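Take a look at the structure set out below.
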Amino acid sequence: MSGTNMTKQQELTAIIERYTTGDGVHHTAVPSLYFMRRSTTTEPSHGVYKPSFCMIVQGGKEVWLAQDRYIYSPADYLVASVHLPVSTQITEATPEMPYLGLKLEFTPSQIIEVLQQSELLGDVRVNSKRAMYVSHIETSLLDAVVRLARLLDTPNEIPVLAPIFTKEILFRVLQGENGDMLRGIVMEESALNQIRDVIEHIVNHYEHSFRIEELAEIANMSVSSFHRHFKEVTAMSPIQYQKQMRLQEARRLLLTESLDASDVAFRVGYESTSQFSREYSRMFGFPPRQDIKRLKA
């Protein structure tokens, strides 16, 4: 990492430390900007990444998308271009030097706005690619991130400048070596865009059963082509994707609401409580009741 980038990373570290009073995920006053802090390494934890730009500022972290492993450092950034169920683990963190990170969520409409105001449209009629990737962070991108984070010190400037700096960050990411993957999610002629439509349908209707033919029709693809493209984008089949979304929502409900496992099972779309318990145990390592008791403890 260059001296300039190291100085900017140090400034980011100081800003995140000021605005994170303890471990956890902290929503900042800047819309869609979150800071993360962990004082110890962690076990693997499950969650869903929304479309987002992510950075490690201090420490280390691994992200698993199905069988794909992503390792990145303060010299890199990670992008998820669609909703993706993942497993994450903090691998480097101590009380003296905690893990620090940030996440900036974005929407397809923000990507479209940047593309319409730039000359980055290009040719996106390419084969589907993973909707998650790691790239080396350039100085111009890091500088835009620092300026966005600095706004927390001048909150009266956030309404005017935060949208501008966010747009610049997305512009720099679209300019990057993997920018075509991000462009593809909003271009109508792209297979990535067709698969994104299906992903949004599953995310919004995960509790309902569906036929693969119905999903292929949403994507305007043949069944075989749809299967291939969906797995290339998400690293899993549509059924596996839906199952992960159901189980992650079930875990959230068990943690936040006074419901028993059978109620939650039916609420997220399972017809069999025993099947729900088996699949829950397979994913999280413990049966529902034991898992929630362990997490709350």
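The values are calculated or read from the model by the stated rules, or taken from the named source; none is laboratory data. For clarity, every value in this text was computed on a predicted model and none was experimentally measured. Reconstructed Cβ throughout: ideal geometry from the backbone, glycine too, with neighbour counts over all protein chains shown. For the accessible areas, the whole protein counts, side chains as well, though only heavy atoms, and no ligand, DNA or RNA atoms are used. Shrake-Rupley method; radii C 1.70, N 1.55, O 1.52, S 1.80 Å.
Points to keep in mind about this one:
- Once segment 195-233 is narrowed to residues that are in a helix (DSSP H, G or I) and touching a Lys or Arg at 6+ places or on another chain (Cβ under 7 Å), the residue that is farthest from Ala131 (Cα to Cα) is Glu232.
- Identity of the residue in segment 153-177, outside any helix (DSSP H, G or I) and open to solvent by 30 Å² or more (accessible area, probe 1.4 Å), that ends up modelled with the highest pLDDT: Thr154
- All of (1) touching a Phe, Trp or Tyr at 6+ places or on another chain (Cβ under 8 Å); (2) open to solvent by 10 Å² or more (accessible area, probe 1.4 Å); (3) touching a residue at least 24 places away in the same chain (Cβ under 8 Å) hold for Pro85 with one exception: (2).
- Here is the figure for segment 220-265: residues that are touching a Leu at 6+ places or on another chain (Cβ under 8 Å) and open to solvent by 30 Å² or more (accessible area, probe 1.4 Å) total 3.
- Beta carbons closer than 6 Å, at least 6 apart along the sequence or on distinct chains, pair a first residue in segment 272-297 that is within 16 Å of Glu249 (Cβ to Cβ) with a second that is open to solvent by 40 Å² or more (accessible area, probe 1.4 Å) and assigned to a loop (DSSP other than H, G, I, E, B) for Ser277/Pro287.
- Selection status of Leu115, closer than 13 Å to Leu182 by Cα, open to solvent by 30 Å² or more (accessible area, probe 1.4 Å) and either outside any strand (DSSP E or B) or at pLDDT below 95 (or both): no
- Residues satisfying the stated conditions in segment 2-38, i.e. surrounded by 15 or more Cβ atoms within 10 Å (Cβ to Cβ) and over 18 Å from Ala162 (Cβ atoms): Asn5, Lys8, Gln9, Thr13, Glu17, Thr20, Asp23, Met36, Arg37, Arg38
- Qualifying residue in segment 61-74 (condition: within 28 Å of Leu255 (Cβ to Cβ), β-branched (Val, Ile, Thr) and open to solvent by less than 30 Å² (accessible area, probe 1.4 Å)): yes
- Test: residue in segment 98-105 that is surrounded by 19 or more Cβ atoms within 10 Å (Cβ to Cβ), hydroxyl-bearing (Ser, Thr, Tyr) and under 18 Å from Arg38 (Cα atoms): yes
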